[in-house]
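Chemist: One structure follows; several queries about it will come next.
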Amino acid sequence: MPPPEDPEEPEGRPEYRVYRSRRPLFRRRGGTDDRDEISRLRGDGGQPPPPDGGPNRQLTPTPGKRPRRPISAGRIVRWLLLAALAWIALSILVFLVSAQIQQGSVSDANRYLGGSGYPLWSPNNVLVLGSDVRNGANAEPGAQTTGNGRSDSIMLMRVGGGANSRLSIARDTIVDIPGAGRQKINAAYAIGGTALAVRTIEQYTGIDINHVMIVSFEDFPNLIDAMGGITYHGGCVVSRINGGFRNGGYTLRLKAGKTHIDGKQALALARTRKNACNHAEDDLTRARRQQKIVSAMKRRLLAPMAFVRLPLISWNVPKALRSDMSGPTLLGLFGALAASGTPKTDVLGTLSGQIPDSVKQAKVRRFAAG
């Protein structure tokens, strides 16, 4: 049954159809199209969108092109930060590879070492020995080029976990060397290498040594040069290593105050025993001077310019400071050293080489207290 017709609706209602309008192929001259009508209703007079990002700006990008973000200060900072992190990561990788190569050079002392945690957060006792053996490039006439050589410097460091102390032992100190009798302490390294040096110093001081580092004079100048040199602050120094230049050796001349020195100068300064500027200096003065060199190296490593040289420094550090430690452990040790301050180095020694037990025990207790 058909629905009833609406009495109010007129008969013959037209049918409506919906058509989709399209833009004319050619715009009539003087005519208008939909865009003109929209512009008229918006009131912009048919003007093109303003270039300054006004309200009528077209938001649809050009097909096939991605809008470029403006370079801001924040983006530049992020780029620089990423570049710095990549530079540090490269330096760490270079350091780990170099340390792994050098790790086996002091393996003879491994059975006497250990018993400590990671150096970054646990106290570690580290024995640092300077060997006077040099290669052909750095050897002066009369210098030892074979064997272990006598330990030119002996220092104990306690670092990590809040500990931070130094104890330097004079090389002429008379001690009992296991299996070799009573001799100067620096002879232990020449007789039995790193292992006998560790045993001798542990027996003499009563300090358990966790790790050992050998300062190699062969690569020491290269490390200083990789840093761009160091700034030494001290008194006047005039020394002639192995007879000086006239006899084929090396002559060092430093004025009092601050002086920027290179690798060869730093090596000669560390080895200076007789100073023509001050004849009253002795072996204890020499030990203190060596500590100044170590402190100057630490300051140089923390300087901004060291960041530019970081990969080169990272490669040379494990070569100049050979150790029983693996790359990650050695990295933790240097992290602990960087986080700690620069403590005053206590010197254990006398001109005669004989040290009273009471003096030795007092200095050892201060060292162990950190």
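Chemist: Tally the residues that are open to solvent by less than 40 Å² (accessible area, probe 1.4 Å), under 18 Å from Ser122 (Cβ atoms), hydrophobic (A, V, I, L, M, F, W, C) and under 14 Å from the mean Cα position of the chain (by Cα), restricting the search to the range 315-370.
Modeler: Counting residues in the range 315-370 that are open to solvent by less than 40 Å² (accessible area, probe 1.4 Å), under 18 Å from Ser122 (Cβ atoms), hydrophobic (A, V, I, L, M, F, W, C) and under 14 Å from the mean Cα position of the chain (by Cα) gives 4.
Chemist: Oh, and also: Here are some residues: Gly341, Gly327, Gly335, Gly353. Which one is at positive phi and among the small types (Gly, Ala, Ser)? Talk me through it step by step, then tell me what you get.
Modeler: Values: Gly341 fails: at positive phi; Gly327 fails: at positive phi; Gly335 fails: at positive phi.
Among Gly341, Gly327, Gly335, Gly353, only Gly353 is at positive phi and among the small types (Gly, Ala, Ser).
Chemist: So, restricting to helices (runs of 4 or more DSSP H) that lie completely within the range 294-344, which ones have at least 1 residues that are within 22 Å of Met155 (Cβ to Cβ) and either in contact with a helix residue (DSSP H, G or I) (Cβ under 6 Å, 6 or more places away or on another chain) or free of Cβ contacts under 8 Å to residues at least 60 places away in the same chain (or both)? Break it down into steps so the answer makes sense when it comes.
Modeler: Working: elements: 305-308, 310-320, 327-339.
By residue number, 310-320, 327-339.
Chemist: Looking at Ala197, Ala188 in this structure, which one is touching a strand residue (DSSP E or B) at 6+ places or on another chain (Cβ under 7 Å), in a helix (DSSP H, G or I), touching a residue at least 40 places away in the same chain (Cβ under 8 Å) and among the small types (Gly, Ala, Ser)? First the steps, then the outcome.
Modeler: Values: Ala188 fails: touching a residue at least 40 places away in the same chain (Cβ under 8 Å).
Step by step, each of Ala197, Ala188 is checked, and only Ala197 is touching a strand residue (DSSP E or B) at 6+ places or on another chain (Cβ under 7 Å), in a helix (DSSP H, G or I), touching a residue at least 40 places away in the same chain (Cβ under 8 Å) and among the small types (Gly, Ala, Ser).
Chemist: Filter the range 345-363 for residues that are within 21 Å of Gln183 (Cβ to Cβ), of a type in the set (A, V, I, L, M, F, W, C) and not in a strand (DSSP E or B) and give the result.
Modeler: Matches in the range 345-363: Leu351, Ile355, Val359.
Chemist: Contact list please: Cβ distance under 9 Å, first residue in the range 155-177 and in contact (Cβ under 8 Å) with a residue 24 or more places away in the chain and more than 14 Å from Thr342 (Cα to Cα), second residue assigned to a loop (DSSP other than H, G, I, E, B) and of a type in the set (Lys, Arg), pairs at least six apart or on different chains.
Modeler: Arg171/Arg150
Chemist: Could you tell me which residue of the range 255-283 is surrounded by the fewest Cβ atoms within 10 Å (Cβ to Cβ), considering only residues that are touching a residue at least 40 places away in the same chain (Cβ under 8 Å) and within 30 Å of the chain's Cα centre (by Cα)?
Modeler: Only one residue tops the list, namely Asp262.
Chemist: Could you grab me the full set of residues in the range 220-242 that are outside any loop (DSSP other than H, G, I, E, B), of a type outside the set (Val, Ile, Thr) and open to solvent by 40 Å² or more (accessible area, probe 1.4 Å)?
Modeler: So in the range 220-242, the residues outside any loop (DSSP other than H, G, I, E, B) come out as 220-226, 230-234, 237-241.
Filter once more, keeping what is of a type outside the set (Val, Ile, Thr): 220-223, 225-226, 232-234, 239-240.
Correct list: Asn222, Asp225, His233, Arg240.
Chemist: Same structure, new question: Inspect the range 331-350 for any residue being charged (D, E, K, R), modelled with pLDDT of 85 or more, within 25 Å of Gly370 (Cα to Cα) and in contact with a strand residue (DSSP E or B) (Cβ under 8 Å, 6 or more places away or on another chain) and give the result as yes or no.
Modeler: In the first step, residues of the range 331-350 are kept if they are charged (D, E, K, R); the result is 344, 346.
From what is left, the residues that are modelled with pLDDT of 85 or more are 346.
Remaining after also requiring within 25 Å of Gly370 (Cα to Cα): 346.
Subset that is in contact with a strand residue (DSSP E or B) (Cβ under 8 Å, 6 or more places away or on another chain): 346.
So far as the range 331-350 goes, yes, one or more of its residues are charged (D, E, K, R), modelled with pLDDT of 85 or more, within 25 Å of Gly370 (Cα to Cα) and in contact with a strand residue (DSSP E or B) (Cβ under 8 Å, 6 or more places away or on another chain).
Chemist: Can I ask one more? Restricting attention to the range 257-278, does a residue exist that is hydroxyl-bearing (Ser, Thr, Tyr) and over 25 Å from Leu156 (Cα atoms)? Full working, then the answer.
Modeler: Pass one, the range 257-278, residues hydroxyl-bearing (Ser, Thr, Tyr): 259, 272.
Of the ones still in play, those that are also over 25 Å from Leu156 (Cα atoms) are 259.
The answer is yes; a qualifying residue exists.
Chemist: Phe245 fails exactly one of the following numbered conditions: (1) within 24 Å of Asp172 (Cα to Cα); (2) of a type outside the set (Gly, Ala, Ser); (3) open to solvent by 30 Å² or more (accessible area, probe 1.4 Å); (4) out of contact with any Gly (no Cβ under 9 Å at 6 or more places or on another chain). What is the number of that condition?
Modeler: (1)
The values are calculated or read from the model by the stated rules, or taken from the named source; none is laboratory data. Worth saying up front: this structure is predicted, and the values here are computed from it rather than measured. Reconstructed Cβ throughout: ideal geometry from the backbone, glycine too, with neighbour counts over all protein chains shown. Heavy atoms of the whole protein, side chains included, go into the accessibility calculation; ligands, DNA and RNA do not. Shrake-Rupley method; radii C 1.70, N 1.55, O 1.52, S 1.80 Å.
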